[in-house]
């Protein structure tokens, strides 16, 4: 019984403490100052014609495309310089393997026909000997 009475008196205090703790962490939003001029010399409070904005956007897109193309080319060159020796070694190994494969193909080109002819001749000779011996 004591526990229930203590819980009834402590429960509102605990809940109030939790509520106060949560609200003490709440932060207020700070508003950004829109009247500051940027480093580009653009005054944010002034209106600019659409053609000027369009020209600026097109110029920025052209510069971005040029920068991306140049960065891609530099990265491609760096990768080629990094992997060129390994690629040359792999190409040399490939050509050597191809030459060995062609030699083996030429060497074994007559194996199956020779095996077939040998098998046929041996059956023929065996049949001939069988027929001569069994008379």
- With respect to residue 131, determine if the residue is assigned to a helix (DSSP H, G or I), surrounded by fewer than 10 Cβ atoms within 10 Å (Cβ to Cβ), at pLDDT 85 or above and out of contact with any strand residue (DSSP E or B) (no Cβ under 7 Å at 6 or more places or on another chain). yes
- In this structure, is residue 14 at pLDDT below 85, surrounded by 10 or more Cβ atoms within 10 Å (Cβ to Cβ) and assigned to a helix (DSSP H, G or I)? yes
- Message: Could you tell me how many of the residues in the range 82-112 are over 27 Å from the mean Cα position of the chain (by Cα) and assigned to a helix (DSSP H, G or I)?
- Response: 17
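The values are calculated or read from the model by the stated rules, or taken from the named source; none is laboratory data. This is a predicted model, so every value here is computed, not measured. Reconstructed Cβ throughout: ideal geometry from the backbone, glycine too, with neighbour counts over all protein chains shown.
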